[in-house]
Structures are given as structure tokens and as C-alpha cells.
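The values are calculated or read from the model by the stated rules, or taken from the named source; none is laboratory data. Fair warning: this is a prediction, and the values are worked out from it, not measured in the lab. As a convention, Cβ positions derive from the backbone with ideal geometry for all residues, glycine included, and neighbour counts pool all protein chains shown. With ligands, DNA and RNA removed, areas are computed over all heavy atoms of the protein, side chains included. Shrake-Rupley method; radii C 1.70, N 1.55, O 1.52, S 1.80 Å.
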Amino acid sequence: MSDDMHVPSVRVSNVTGLSKGAARAVRIADISTFVVRVGARNQLLVKVTTEDGLFGWGESGMSGREKSVAATIAHFSTFLIGQDSRQIGRIWQESYRSQYFEGGRILTAAISAIDIALHDLLGKRLGLPVYQLLGGRQRDEIPSFASSMAKTTEGLLADIHTLVDAGWSCVRTYPGSFGEGDIFDPWASLSKTAAELIAIREEFGPSLCLGVDMHHRYTVAEAASFCAMLPKGTLNFIEEPIRSETPEAYVSLRRMTDIPFAVGEEFSSKWEAARFLDAGATQFMRLDICNIGGFTEAMKVAAMSERHYVDLMPHNPLGPVCTAATVHMSAAIPNLSWLENRQSPVEALGFHDPKIFPVQIRTNGPVYLVPDTPGLGVEVDETRLVDQTVEYIEAPHLKRPDGSVTNW
């Protein structure tokens, strides 16, 4: 691993407010970042170590911009090293409020990774699984939904038959023409996608929960037209049909269709989530614990969602640390629908490489099992991290047929 992949931390001495003896053991001694290629994507892992040698793992959700997050973590390290690792809420506040320009996805992705690592660390120190730090578990297993990225109707039907036979009752597809080259024609995609979804519903009937991830590639008019192409009852949710910067646009689209929305994977704060919840602009909260601010912020958004009778459908496209953190959060909240699963029989993405992560959350078909081991229940083979070749991946820079730039 090259030097710029492992951002060194800086030790701060003479921190006041900490007692000697046992209290010294819990002080943060090092914050290390590792950018590694795992399967088809890079992962940014963060290791927080205390003076007694205990450590916890976290993960950042800002895929494709890992160096920016690692640099932010290096900044945070200059004032976090030497602090009491148990003061997780205080550390969150200082990390968020210690610059004039608060927030933003890069900053909160860095805070997320540190916050998750601190919870893992505290759970190990107390001998408790992380969900016990969040109020205890409310369920023994976590239901998940699976995805098919097949390119044809026949392929989609075959994938979904495989998933249903394996026990899944909720599945998601992607728009027609998703991931095919760098030209994206929204209108051609919409008609193809509508035909695919109608065929799936006809094949599997009303008992299958069916959604589509539109990947925020469309305008309000395009998304509304798409919804109008579908017979009533075709879809149970439509994910990210338009971009999320303007909640008012979602409110406008909400008036044009009765299909539930699943929005939130890009949110970087409770304030951003609140605008959608208060406006009734999402019916499933798709927060990502590795983007929104870790456990500290995610639990607040879960409570806000509960107030609006909105269930969480957490985003989970990363590695075993993200999955474990999301499972612990999902175990501790009352309002959960399904957790995203990228380990199904029809996806071979390699994000959960058992050689790198010899201990990780176990699955039983469509459900994640809630662990009872201390911390997150994930172990990382650091010797494998050093051997990984990082290939910085740039998401496709899509263009419409006329040559103009559009969203990936």
C-alpha cells in the first residue's frame, strides 16, 4: 500500500480533562485510514486505536472520492488524538462544528467512519454488541431486499425466480439501459423499464414487493410520465427518481403519483432528512449510516422517521463494516422495512471478501442474523489490506443523445 493510501495520524499531548491511570487507556492514540480495492469497488476503512491497544473499525460511504475523505480524517486526527474515545457524542459534535463551513457529504462521510469505529471500540471495551449501546435489539434477524441488474426482461425474470426460490419477498431492479455505455436516453429507458416491470408483476403477482432504483437520472416530468405508464399496483416503491437537492421537486412529483418513494441515501444530516420527512416527500428512509454521520446521527434520523410513520430501508452498497453497522442499527430501531443486500445469489460483487474479512455478519438466505459478539462483530486481516491494489474508479460520465451531461 502506497504512503498516500495510509494517512498518518498526529498525536496531541497534554489534553486536559482526563484522569490518570485507567482513564489514560481509553484515550485515542491513532486514527488510520486504508483505501483498498475489494471486489468491484474501493472501500475506505478507518481504524481507531486507543492507548491500551484496543481498536475499532469504521467505513466511509463516499465511494469514488476516498482520498478526499481520508484527507478530512487526517485533519480530524489532529484534535481527536488524545481524547477520551468513550465520549462519542461529544466527538461527533466537535468534528461537525469545528469548522466555519459545517457539514457536507465529505465531512460527514469522515465523521461516519470515525463514529462507527468508536462504537465498535466501545462495544469491545464493555463486552457488548453495538446494538446494546443503542438501547438493545428489537428483532433477532434483519430482513433484506435483493437486486437484479439483468439487462433483459428474460434475465430479470430468471433472477427474480432465483431470489424468490431462495426466500426473498422483496426485490429491486434498475432502469432499462442502466450501465450500458456512456449515453443515456431517459425516454427510451423509461418505456423499456415500464415494460420490464409490468412483465415482472404479471409473472409474480401481487405478493412480491417490487421496487426500481431510478438512480436520480430523471426530471420531474420524466419520472411522472414513467409512473403514468405503469398499471396501478405494479410498483411498491420507486427509489431516487430525481435528484434530492430540492425537496420541493419531490413534493411536486408526489402530487402526480401514488407510488411510494424511497429517498435518502445521499443525505448527510438529520436536517436534510427532516426536510423530506416534514414535507411527506419520502415513504421509505434510505439513509446510509456511512454517509449521514454514523450511529450518532442515524439513530436521530430513525427517531424522526418514526414520528412520521416512515420505515427505514437502509442503503448498504459497501463492505462488511458498513453491513455490520447497518445491521446493529436496524436491530435497535422499531421502524425497519428491509435492508439492502448485495450478497444475493444473483450478485457476485465481491464486497465481502472472506479473506480480508474472516469474521463478518452471517446471513440466512434473505435475512441478516444479529450477532451477539462484542462490538460490530467484524474482523479485518490487515495483512491483506497491504496487498490490495487500489484502482481509483470514476463513475461513468453520462451524456444524453444530444451530447449534454446528465446524472450517473
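Summary table below
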item	result
The range 265-408 shape via C-alpha gyration tensor axes, a/c threshold 1.5	oblate
In the range 264-339, GluC sites (Glu not before Pro) in a DSSP loop with at most 12 other beta-carbon atoms within 10 Å	none
Positive-end residue of 87, 170, 314, charge dipole of the chain with Cβ unit charges	87
FRET efficiency for residue 386 and residue 139, using Cβ-Cβ distance with R0 set to 45 Å, rounded to 0.05	0.75
Helix-only CD estimate at 222 nm, as mean residue ellipticity for the chain, using -39500 (n - 2.57) per DSSP H run (n ≥ 4)	-11000 deg cm²/dmol
Within-10-Å neighbourhood charge of residue 279 [Cβ basis; K, R +1; D, E -1]	0
Candidates per GluC sites (Glu not before Pro) in the range 111-187, loop by DSSP, up to 13 other Cβ within 10 Å	180
Candidate residues 338, 408: accessible-area rank, largest first, probe 1.4 Å	408, 338
Residue 355 - accessible surface, heavy atoms, 1.4 Å probe, Å² rounded to 10	130 Å²
Cα gyration tensor, the range 73-192 - rounded (a/c under 1.5), prolate or oblate	oblate
Mean accessible surface per residue for the range 287-408, computed with a 1.4 Å probe while every protein chain stays in place, in Å²	40 Å²
In Å², nearest 10: area of residue 387 left accessible to a 1.4 Å probe	110 Å²
Carbon and sulfur %, accessible surface of the chain computed with the full protein complex present, 1.4 Å	53 percent
Among beta bridges that DSSP assigns inside the chain, antiparallel share in %, nearest 5	55 percent
Relative contact order, percent, the chain [alpha-carbon distance under 8 Å, six or more residues apart]	20 percent
Members of 67/124; 47/355; 67/270; 67/399; 151/355 lying beyond 23 Å, as alpha-carbon distances in this model show	67/124; 67/270; 67/399; 151/355
Rh by Kirkwood over Cα pairs, then Stokes-Einstein D for the range 157-260 at 1.567 mPa s and 4 °C, µm²/s	91 µm²/s
Karplus (6.51, -1.76, 1.60) ³J(HN,Hα), θ = phi - 60°, over the range 140-155, in Hz, Gly and Pro reported as x	8, 8, 10, x, 10, 10, 10, 10, 10, 10, 4, 9, 10, 4, 4, x
³J(HN,Hα), Karplus 6.51/-1.76/1.60, whole Hz, each residue of the range 267-284, x for Gly, Pro	5, 10, 5, 5, 5, 5, 5, 4, 4, 6, 5, 5, 8, x, 8, 9, 10, 10
Leading residue at positive end of dipole, the range 277-408 (Cβ point charges), from 277, 325, 359	277
Reachable aspartates and glutamates from residue 232, criterion Cα separation under 20 angstrom, eight or more residues apart if same chain	196, 202, 203, 213, 222, 240, 258
Mean projected area in nm² (Cα convex hull; one quarter of hull surface) for the chain	19.6 nm²
Heavy-atom SASA rank of 271, 168 (probe 1.4 Å, accessible area, largest first)	271, 168
For the range 202-321: Kirkwood Rh in Å [reciprocal of mean 1/r, alpha carbons]	14.8 Å
Loop GluC sites (Glu not before Pro), the range 353-408, which have at most 15 other Cβ atoms in a 10 Å radius of their Cβ (DSSP)	391, 394
